[in-house]
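Engineer: One structure is given below, represented as structure tokens, and several questions about it will come after.
The values are calculated or read from the model by the stated rules, or taken from the named source; none is laboratory data. Keep in mind that this is a model prediction, so the values were computed, not measured. Neighbour counts are summed over all protein chains in view; Cβ atoms, including those assigned to glycine, are modelled from backbone coordinates with ideal geometry. Accessible surface areas use protein heavy atoms only, side chains included; no ligands, DNA or RNA. Shrake-Rupley method; radii C 1.70, N 1.55, O 1.52, S 1.80 Å.
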There are 2 protein chains.
Amino acid sequence: MKIWANSGDSHLVEPDDLFTTSLPSSLAARMPRSVKDPDGSHETLFIDGQEIRRRMPRAAGLKDENGHTVVERAPGANDKKLRLVDLDQEGIWAELVYPSIGIWMSSIQDPMLLAAGCAAINDWAFEYQRFDPRYVCTATIPLLDAEHAVAEIHRVADVGFKAAYFSVTPGLGAPDWHYEMWEPVWATIAETGLVIAFHIGTEAHDATTMHGAYFRGPGGALINYTETTYGGQRAVTKMIASGVFDRHPSIKVVVSEGGATWGPFIADRLDEGYRQHWSMVRPQLSRLPSEYLYENVYASFQHDRSAVKAMTAMGWRNICWGSDYPHIEGTFGHTQKTLHELFDDVDPVSMRRITIGAFEELFPHVPAAPANESPAAG
Amino acid sequence: MKIWANSGDSHLVEPDDLFTTSLPSSLAARMPRSVKDPDGSHETLFIDGQEIRRRMPRAAGLKDENGHTVVERAPGANDKKLRLVDLDQEGIWAELVYPSIGIWMSSIQDPMLLAAGCAAINDWAFEYQRFDPRYVCTATIPLLDAEHAVAEIHRVADVGFKAAYFSVTPGLGAPDWHYEMWEPVWATIAETGLVIAFHIGTEAHDATTMHGAYFRGPGGALINYTETTYGGQRAVTKMIASGVFDRHPSIKVVVSEGGATWGPFIADRLDEGYRQHWSMVRPQLSRLPSEYLYENVYASFQHDRSAVKAMTAMGWRNICWGSDYPHIEGTFGHTQKTLHELFDDVDPVSMRRITIGAFEELFPHVPAAPANESPAAG
């Protein structure tokens with residue numbers, strides 16, 4: 001049986017000439033670009049007049065088991081039409097599609113330059129959504145201040161975006177998500193109905209530092225990978241603890257690529273802190289923290305075997321599967337194998353909820369997926 | 001029915017005169033002590049010649065729902081005999097008993113002074129274990145360097161300790177758990193058979209900084225409480241990723257007060273990182289990371305409703321319940337209510353494993369708990 005699933009975590013890979021073809025040359029010249037050394041060991045970053053020389057991030061060299069880079073393994077990923085062929089073959093129906101986060105977003109310190117860059121990437125990304133409603137593209141929001149964020153949220157909502165990509169921490173130097181400065185942003189999200197889409201591994205960082213290199217030494221890559229999962233949990237914790245969902249009960253948030261079993265876990269931890277340290281908790285909330293997590297928050301996972309049980313045994317219904325297409329760590333090439341391993345022993349209602357239903361609840365405009373019995377549409 | 005449970009998380013509260021009565025005056029004078037302002041707003045810390053003035057930590061003012069501090073609510077906690085009366089009344093059989101972590105451990109930078117302080121607290125704590133085998137006291141290990149740690153582990157194992165308290169990060173300035181410097185410590189733990197007992201919220205920190213105040217602003221207390229849960233997960237991640245359990249398969253680790261649902265979650269995240277980023281992972285491990293977590297790692301939780309399902313639905317058998325007695329956030333006064341809420345709908349085998357069995361597996365020398373049907377022993 002071919003299983004069809006919506007993906008709560010997919011990516012576009014921005015073309016190299018995105019900014020030069022879309023922005024006035026005075027702005028394009030200030031946007032981040034990387035010039036790699038011929039031997040591939042170092043790169044020089046040019047960002048708004050700065051010149052930063054650094055070792056190539058190791059992640060840039062990620063290859064799959066056949067030695068292919070992201071672009072080599074899925075050449076259709078950045079072709080609106082060929083991409084659908086890949087999706088049909090894999091059994092992926094609709095996708096929540098993030099940009100492939102480069103260094104650029106948190107490296108730009110000029111709010112106006114950042115806003116122009118976000119608008120350019122959004123206009124480019126929306127061509128996908130316009131091409132086929134199976135692409136649910138996330139609009140990249142400039143998050144150095146509330147004013148530019150609010151303006152871009154309004155602009156992209158008017159265009160037809162249904163989701164707003166937020167990094168797990170705001171722009172470098174900006175107050176964190178639990179501060180009042182962001183209240184106009186939450187109000188605008190509630191007003192427009194956009195889903196907030198957090199993607200793990202997107203903490204704001206300076207271009208001079210190597211992103212995600214929290215730890216070095218033996219086991220460093222595995223320790224760092226595991227560390228990235230906490231960022232999404234933190235962002236959600238800050239929103240719940242500061243009362244965002246209390247003030248705006250309609251806001252929906254999805255955390256992509258961070259697994260899903262953390263939902264019931266963090267819900268319990270929040271309730272423990274809320275009840276057992278009650279005398280220090282400000283603001284008081286009108287409901288238990290776990291209720292916001294169970295209702296307002298969603299998560300997308302790829303392979304995690306315990307994630308399905310977070311719904312079937314622990315009752316968190318807001319779990320989506322995700323492919324991470326076309327990234328190396330995603331399921332491209334083995335999507336059906338992964339889906340069968342995850343769901344062959346799961347009751348049909350729970351399987352439907354995780355593969356299709358939770359995503360449809362977030363994005364009801366998406367056309368219905370084919371039935372699992374039918375062959376792939378051409 | 002009265003439910004009896006072993007506790008994987010309990011505490012002693014050190015008497016104020018612990019160091020002056022146990023150490024030579026030249027050493028005692030250098031140990032940390034706090035002098036509080038009459039109005040309770042600030043304190044002055046004296047540590048090895050330093051004088052540090054700071055606001056009183058808010059946690060010091062924690063009170064229960066009746067307005068009682070830790071010492072007021074459970075006056076028997078530091079009386080070997082009266083404590084047993086409390087335990088009998090609550091239905092707590094054996095306890096893994098930690099010190100009540102003060103600021104002192106990570107504030108001492110002289111390895112010899114730290115070793116002397118640890119030895120003093122261990123000699124005092126062992127009087128409890130000697131008094132009754134229901135007290136399984138953790139020996140506090142000096143963790144600024146491997147040499148002193150190894151020496152104290154040998155000393156306390158010879159005395160009869162069965163567990164070694166490790167802070168979730170090593171002493172301030174020391175290399176982290178995944179570095180080779182700690183190999184003699186793991187070897188000594190394996191040789192002596194002591195269980196490593198991590199307690200969350202014990203990151204090394206300088207006395208001039210407020211411990212645990214990672215975030216301020218709206219929701220800060222709840223955000224900080226939630227943040228403390230990650231430290232135990234990180235410590236375990238570092239041990240697994242650097243191959244500690246590969247080299248020493250007999251080592252057992254318990255993480256106390258951090259919930260338990262994180263076990264299956266982090267196991268999945270580790271496997272995801274290990275498989276999907278395989279080309280960057282050093283060292284390679286002889287088994288999947290999740291296998292070490294499921295076999296070598298245990299966790300103790302208090303109220304978390306999803307924790308039981310981490311065993312019954314997700315298959316992680318190494319879950320203990322814990323009381324956190326006599327701390328404010330613990331179950332003292334409502335232990336039976338908590339145990340019934342957690343276990344009334346759980347099959348007897350799983351309930352037995354979580355309340356009794358996992359703890360007995362770690363500490364087989366502890367006498368058997370009374371049957372749940374029998375009245376409390378006097």
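Engineer: Looking at the range A:243-268, which of the residues that are touching a strand residue (DSSP E or B) at 6+ places or on another chain (Cβ under 8 Å) and over 30 Å from B:Gly315 (Cα atoms) is farthest from the other protein chains (Cβ to nearest Cβ)?
Structural biologist: A:Lys252
Engineer: OK, next. For residues that are more than 7 Å from chain B (Cβ to nearest Cβ) and closer than 20 Å to A:Asn296 by Cβ, scanning just the range A:216-242, find the one that is nearest to the chain's Cα centre (by Cα).
Structural biologist: In this case the residue turns out to be A:Gly232.
Engineer: I'd like to check something: does the range A:12-22 contain any residue that is closer than 30 Å to A:Pro370 by Cβ, away from every other protein chain (no Cβ under 14 Å) and not acidic (Asp, Glu)?
Structural biologist: Looking through the range A:12-22, at least one residue is closer than 30 Å to A:Pro370 by Cβ, away from every other protein chain (no Cβ under 14 Å) and not acidic (Asp, Glu).
Engineer: When you look at A:Phe161, is it open to solvent by less than 30 Å² (accessible area, probe 1.4 Å) and touching a Gly at 6+ places or on another chain (Cβ under 8 Å), yes or no?
Structural biologist: Taking the combined requirement at face value, the residue does not satisfy it.
Engineer: Please go through the range A:127-140 and give me each residue that is open to solvent by 20 Å² or more (accessible area, probe 1.4 Å) and within 16 Å of A:Ile153 (Cα to Cα), ordered by number.
Structural biologist: Hits for the range A:127-140: nothing passes.
Engineer: Is at least one residue of the range B:81-90 touching a Cys at 6+ places or on another chain (Cβ under 6 Å), touching a residue at least 12 places away in the same chain (Cβ under 8 Å) and closer than 26 Å to B:Asp324 by Cα? I'd like the intermediate steps shown before the answer.
Structural biologist: Kept after step one, since they are touching a Cys at 6+ places or on another chain (Cβ under 6 Å), are these residues of the range B:81-90: none.
No, the range B:81-90 contains no residue that is touching a Cys at 6+ places or on another chain (Cβ under 6 Å), touching a residue at least 12 places away in the same chain (Cβ under 8 Å) and closer than 26 Å to B:Asp324 by Cα.
Engineer: Scan the helices (runs of 4 or more DSSP H) fully inside the range B:1-114 and keep the ones with 1 or more residues being surrounded by 14 or more Cβ atoms within 10 Å (Cβ to Cβ) and of a type outside the set (A, V, I, L, M, F, W, C).
Structural biologist: B:18-22, B:70-73, B:80-90, B:104-107
Engineer: Just give me the residues in the range A:190-235 being of a type in the set (S, T, N, Q), over 25 Å from B:Asn224 (Cα atoms) and without any contact (Cβ under 8 Å) to a residue 24 or more places away in the chain, in sequence order.
Structural biologist: Answer for the range A:190-235, where residues must be of a type in the set (S, T, N, Q), over 25 Å from B:Asn224 (Cα atoms) and without any contact (Cβ under 8 Å) to a residue 24 or more places away in the chain: just A:Thr209.
Engineer: Only residues that are charged (D, E, K, R) and surrounded by 13 or more Cβ atoms within 10 Å (Cβ to Cβ): list them for the range A:335-376, please.
Structural biologist: A:Arg352, A:Arg353, A:Glu360, A:Glu361, listed by residue number.
Engineer: Another question about this same structure. In the range A:166-199, what residues are within 14 Å of chain B (Cβ to nearest Cβ) and of a type in the set (A, V, I, L, M, F, W, C)?
Structural biologist: So in the range A:166-199, the residues within 14 Å of chain B (Cβ to nearest Cβ) come out as A:168-170, A:174-183, A:186.
Selection gives A:Val168, A:Ala174, A:Trp177, A:Met181, A:Trp182, A:Trp186.
Engineer: Check A:Glu329, A:Glu341, A:Glu291 and return the single one that is under 25 Å from A:His11 (Cβ atoms) and over 22 Å from the mean Cα position of the chain (by Cα).
Structural biologist: Residue meeting the stated conditions: A:Glu341.
Engineer: Moving on. Just to verify a result, which residue in the range B:269-280, among those that are open to solvent by 20 Å² or more (accessible area, probe 1.4 Å) and facing chain A (nearest Cβ under 7 Å), is modelled with the highest pLDDT?
Structural biologist: B:Tyr274
Engineer: Can we say B:Glu152 is within 20 Å of the chain's Cα centre (by Cα), without any contact (Cβ under 8 Å) to a residue 40 or more places away in the chain and more than 14 Å from every other protein chain (Cβ to nearest Cβ)? Don't jump to the end; show me each part of the working.
Structural biologist: On the way: within 20 Å of the chain's Cα centre (by Cα): yes; without any contact (Cβ under 8 Å) to a residue 40 or more places away in the chain: yes; more than 14 Å from every other protein chain (Cβ to nearest Cβ): yes.
Yes, satisfied.
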